[in-house]
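Okay, so here's the structure we're looking at.
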Amino acid sequence: MADHDEQRLQPQDLGYDPNFVPDSVKSFVVHLYRQIREKNVYEIHQLYEASFQTLSERHFKDTPWPSVDAVAQYVDNDHVFCLLYREMWFRHLYARLTPTLRQRIDSWDNYCSLFQVVLHGVVNMQLPNQWLWDMVDEFVYQFQSFCQYRAKMKNKTEQEIALLRQFDQAWNVFGVLNFLQALVEKSAIIQILEQEKEGLEQFTANDGYDYNGGSNVLKVLGYFSMVGLLRVHCLLGDYDTGLKCLQPIDISQPGVFNIVIGCHITTIYHYGFANLMLRRYVEAIREFNKILLYIFKTKVYHQKSPQYEQILKKNEQMYALLAICLSLCPQSKLVDETVNSQLREKYGEKMSRMQRYDDEAFAMYDELFSYACPKFITPSAPSFEEPLVNYNQDAYRLQLKLFLYEAKQQQLLSGLRTFLKVYSTISLAKLASYMEVDEPTLRTILLTYKHKTHAVDSAGKVISNADVNFFIDDDTIHVVESKPPKRFKG
Amino acid sequence: MGRETAKAQQGTAYTVEQLVAFNRYNPDILPDLENYVNDQVSSQTYSLESNLCLLRLYQFEPEKMSSQIVARILVKALMAMPAPDFSLCLFLIPERVQMEEQFKTLIVLSHYLETGRFRQFWDEAAKSRHIVEAVPGFEQAIQDYAIHVLSLTYQRIPRTVLAEAINIEGLALDKFLEHQVANSGWVIEKSQGRGQLIVLPRDEYNDPILKKNTADSVPFEHIAHILNNLS
């Protein structure tokens with residue numbers, strides 16, 4: 001598996017010798033290899049998460065780990081172990097350094113080999129869920145990173161362009177999606193989850209592990225791939241399909257997805273975001289509320305874990321998304337008091353400005369959306385013929401534009417809501433004069449309010465999200481609210 | 001209301017739905033999906049899933065995109081209102097494509113419908129007959145949507161407001177109202193000197209009493225669950 005490019009010195013790698021294996025690393029791979037062969041999942045997890053981190057901190061703060069060639073001799077040149085080691089090797093590289101194009105391509109090759117081995121059903125290992133999740137998560141991350149990288153054509157060298165043209169299959173969107181889909185299908189995970197509902201399977205009860213002497217790898221990778229697909233589809237702006245990919249997982253119940261905190265957060269973050277873009281604000285608010293409360297209560301237990309920073313980042317982003325949802329769709333009963341007070345602290349002022357729907361408000365919507373949204377990608381390869389430009393922002397700009405467009409359509413609703421909260425009945429003529437519009441315009445505003453607050457769910461059923469509601473009888477508006485009776489007849 | 005699911009016509013529709021379910025990420029199904037769009041137009045059926053799949057393939061291979069097909073998908077999506085299908089499609093269409101004339105027009109039409117501006121919608125649609133007349137059933141679908149929103153909003157609606165929203169007046173409107181009275185529970189009242197008032201059926205969206213009853217009642221599934229456990 002010789003790869004001379006691993007040995008190419010990069011500025012950050014001064015002093016890096018890929019063939020030098022410190023004793024602690026030798027000991028690490030030997031132990032890890034043995035524990036994998038003996039299927040000691042707990043020990044594997046300790047080595048994978050704790051030891052790998054410690055050694056990275058101590059020896060490989062800003063250089064890669066030793067090359068796989070250098071360590072292979074200590075692990076019987078085991079083919080599968082080498083694929084796993086390389087996967088960790090690349091993951092470390094992406095985290096600490098900037099991968100070269102060559103390295104990106106090699107990493108893709110490694111995933112192809114690794115997934116193919118798994119898909120052929122020949123692995124007999126039990127690996128910790130954390131590791132299996134990290135594989136899928138990293139796979140999607142590297143795809144996203146590659147698309148961002150490829151879209152910045154302006155300063156590409158001729159060599160890079162030549163490589164891109166030659167290896168056009170690397171991180172090709174069809175390849176990525178088809179691998180994830182293959183893992184879902186080959187593992188039969190959807191059927192397993194179905195059968196579990198009827199008590200014919202023990203997947204969730206066993207945390208995904210196989211206690212019959214078999215392997216959990218394909219099944220659990222298949223399971224996590226559903227979340228991977230949700231994520232990829234969100235990156236592409238295809239929210240409906242993303243949610244469909246997640247559908248076999250019932251997020252209202254405990255499941256394997258919430259065993260690994262990174263998976264739990266990624267799932268809910270994308271689920272909530274997709275619902276936001278689909279205008280199902282109440283659904284998004286509910287899920288964000290639950291997870292934010294959960295993170296609030298449990299983050300102290302993750303302080304030492306390598307995922308801690310990510311957890312905090314996603315936490316902040318979800319507060320921003322929650323602020324957006326509640327500004328577009330005010331709800332008083334859906335948010336827990338703890339979450340609400342955090343929300344007011346972080347975004348209280350911004351939210352009140354957003355609800356004024358003036359220019360400053362849209363600047364706020366822009367700011368929060370841009371901060372919290374996924375890193376959208378353009379999945380197609382560039383045309384190498386045209387003048388080389390950077391188009392890595394195109395996908396993000398489109399989603400932002402469409403989101404703001406939707407927010408703008410709701411511009412007059414906030415004003416309307418203020419009046420509806422104050423009157424129990426009011427004539428169209430009077431309300432029109434208070435709102436400084438003519439009657440026909442008022443009628444359109446009232447229709448817009450009804451349309452925007454009545455979402456259509458995935459089954460085609462109409463659901464009202466309105467916290468304040470009304471109906472019109474000829475030329476009089478009657479306000480309907482499930483709160484204490486109001487004061488004025490207009 | 002416009003959201004018609006693809007009927008299982010023995011042959012075409014069934015096969016395409018299968019294609020989308022099992023071959024989602026396969027570039028080779030693109031021609032089938034394009035043909036299916038044309039089928040949907042001519043047979044007045046609709047499949048969001050299949051159309052999103054096609055838009056996705058166009059996203060992956062932009063050189064294969066057909067503007068005409070995309071325009072037809074968008075018109076069908078408009079017809080699916082109040083479902084947000086039109087937005088879902090826009091999310092997948094590159095900005096520079098959306099800047100083309102025909103797409104700008106469709107976006108304007110969508111904007112009018114999203115904001116209840118039916119008069120402006122029908123005016124604009126009349127100027128763009130070539131776009132909308134290419135898809136049979138368009139007018140009817142938009143009228144269905146208009147009635148949907150009006151029904152959420154009004155218990156009693158003046159005839160003129162209704163006429164403007166569904167773009168029918170005079171004798172044609174009389175006939176239309178007769179039909180609705182006979183089949184959809186509409187009632188026509190004479191308002192003092194101001195023309196007809198149409199009384200729309202009450203439901204939980206335009207009637208607070210019905211809303212209250214719906215909110216207070218326990219969904220049957222919950223009761224059924226308890227009953228099952230008792231036995």
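The values are calculated or read from the model by the stated rules, or taken from the named source; none is laboratory data. For clarity, every value in this text was computed on a predicted model and none was experimentally measured. Neighbour counts run over all protein chains shown; Cβ positions are idealised from the backbone, glycine included.
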>> If I ask for residues that are of a type in the set (Asp, Glu) and farther than 16 Å from A:Leu293 by Cβ, which ones from segment A:314-353 would you list?
In response: A:Glu349
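Can you tell me which residue in segment A:403-430 is surrounded by the most Cβ atoms within 10 Å (Cβ to Cβ), limited to those that are of a type in the set (Phe, Trp, Tyr) and more than 24 Å from B:Leu88 (Cβ to Cβ)?
A:Tyr423
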> What number of residues within segment B:63-85 satisfy the criterion of being without any contact (Cβ under 8 Å) to a residue 24 or more places away in the chain and either outside any helix (DSSP H, G or I) or within 14 Å of chain A (Cβ to nearest Cβ) (or both)?
Replying inline: 2
>> Among the listed residues B:Phe118, B:Phe60, identify the single one that is aromatic (Phe, Trp, Tyr), facing chain A (nearest Cβ under 10 Å) and in contact (Cβ under 8 Å) with a residue 40 or more places away in the chain.
In response: B:Phe118
> Does A:Leu334 satisfy being among the aliphatic types (A, V, I, L, M) and assigned to a helix (DSSP H, G or I)?
Replying inline: no
> Within the group A:Leu114, A:Leu132, A:Leu180, A:Leu164, which residue is modelled with pLDDT under 95 and at negative phi?
Replying inline: A:Leu164
>> Considering only residues that are under 19 Å from the mean Cα position of the chain (by Cα) and of a type in the set (Ser, Thr, Tyr), which ones fall in segment A:359-387?
In response: A:Ser370, A:Tyr371, A:Thr378
>> Could you check segment B:86-97 and list, in sequence order, the residues that are more than 8 Å from every other protein chain (Cβ to nearest Cβ) and either crowded, with 17+ Cβ neighbours inside 10 Å or not in a helix (DSSP H, G or I) (or both)?
In response: B:Phe86, B:Cys89, B:Ile93
> Condition test on A:Glu138, is it of a type in the set (Asp, Glu), buried (at least 17 other Cβ atoms within 10 Å of the Cβ) and in contact (Cβ under 8 Å) with a residue 24 or more places away in the chain?
Replying inline: yes
>> Would you confirm, using the coordinates I've provided, whether A:Arg356 is away from chain B (no Cβ under 14 Å), farther than 19 Å from A:Lys290 by Cβ and over 19 Å from the mean Cα position of the chain (by Cα)?
In response: yes
>> Can you go through A:Leu183, A:Leu177, A:Leu163 and tell me which one is within 14 Å of chain B (Cβ to nearest Cβ), under 30 Å from A:Glu385 (Cβ atoms) and out of contact with any strand residue (DSSP E or B) (no Cβ under 8 Å at 6 or more places or on another chain)?
In response: A:Leu177
> How about segment A:217-257: which of its residues are closer than 19 Å to A:Leu322 by Cβ and surrounded by fewer than 23 Cβ atoms within 10 Å (Cβ to Cβ)?
Replying inline: A:Leu243, A:Ile251, A:Ser252
> How about segment A:376-438: which helices (runs of 4 or more DSSP H) wholly inside it have at least 3 residues that are within 10 Å of another protein chain (Cβ to nearest Cβ)?
Replying inline: A:394-409
> Within segment A:460-490, can you find the residues that are part of a loop (DSSP other than H, G, I, E, B), more than 10 Å from chain B (Cβ to nearest Cβ) and modelled with pLDDT under 85?
Replying inline: A:Lys461, A:Asn465, A:Asp467, A:Lys483, A:Pro484, A:Pro485, A:Lys486, A:Arg487, A:Gly490
> Do we have any residue at all in segment A:361-371 that's away from chain B (no Cβ under 14 Å), buried (at least 17 other Cβ atoms within 10 Å of the Cβ) and without any contact (Cβ under 8 Å) to a residue 12 or more places away in the chain?
Replying inline: yes
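So, in segment A:242-260, exactly how many residues are more than 18 Å from A:Gly222 (Cβ to Cβ) and touching a helix residue (DSSP H, G or I) at 6+ places or on another chain (Cβ under 6 Å)?
Qualifying residue count for the region: 1.
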> All but one of (1) within 14 Å of chain B (Cβ to nearest Cβ); (2) touching a residue at least 24 places away in the same chain (Cβ under 8 Å); (3) in contact with a helix residue (DSSP H, G or I) (Cβ under 8 Å, 6 or more places away or on another chain) hold for A:Ile192; which doesn't?
Replying inline: (1)
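Kindly evaluate A:Gln103 against the criterion of being part of a helix (DSSP H, G or I) and out of contact with any helix residue (DSSP H, G or I) (no Cβ under 9 Å at 6 or more places or on another chain).
On the way: part of a helix (DSSP H, G or I): yes; out of contact with any helix residue (DSSP H, G or I) (no Cβ under 9 Å at 6 or more places or on another chain): no.
So A:Gln103 fails the test.
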> Quick one: would you say B:Ile107 is assigned to a helix (DSSP H, G or I), touching a helix residue (DSSP H, G or I) at 6+ places or on another chain (Cβ under 9 Å) and closer than 23 Å to B:Asp144 by Cα?
Replying inline: yes
> Any idea how many residues of segment B:129-147 are part of a helix (DSSP H, G or I), surrounded by fewer than 20 Cβ atoms within 10 Å (Cβ to Cβ) and not β-branched (Val, Ile, Thr)?
Replying inline: 6
> Is there any pair with a first residue in segment B:26-39 that is in the same structural domain as B:Leu52 (by TED's automatic domain parsing) and a second that is of a type in the set (Lys, Arg) and crowded, with 19+ Cβ neighbours inside 10 Å whose Cβ atoms are under 6 Å apart and which are 6 or more apart or on different chains, and what are they?
Replying inline: B:Val37/B:Arg72
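Considering only segment A:208-291, give the helices (runs of 4 or more DSSP H) lying wholly within it that have at least 1 residues that are of a type in the set (Asp, Glu). Quick ask: steps written out before the conclusion?
Numbers: elements: A:217-236, A:239-246, A:261-277.
So the answer is A:239-246.
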>> For segment A:439-459, give me each residue that is at the interface with chain B (Cβ under 7 Å from one of its Cβ atoms) and either of a type outside the set (A, V, I, L, M) or under 12 Å from B:Tyr205 (Cα atoms) (or both).
In response: A:Arg443, A:Thr444, A:Thr448, A:Lys450, A:His451, A:His454
>> Within segment B:63-107, take every residue that is of a type in the set (Val, Ile, Thr) and closer than 24 Å to A:Ala274 by Cα and give me the one that is nearest to the chain's Cα centre (by Cα).
In response: B:Val75
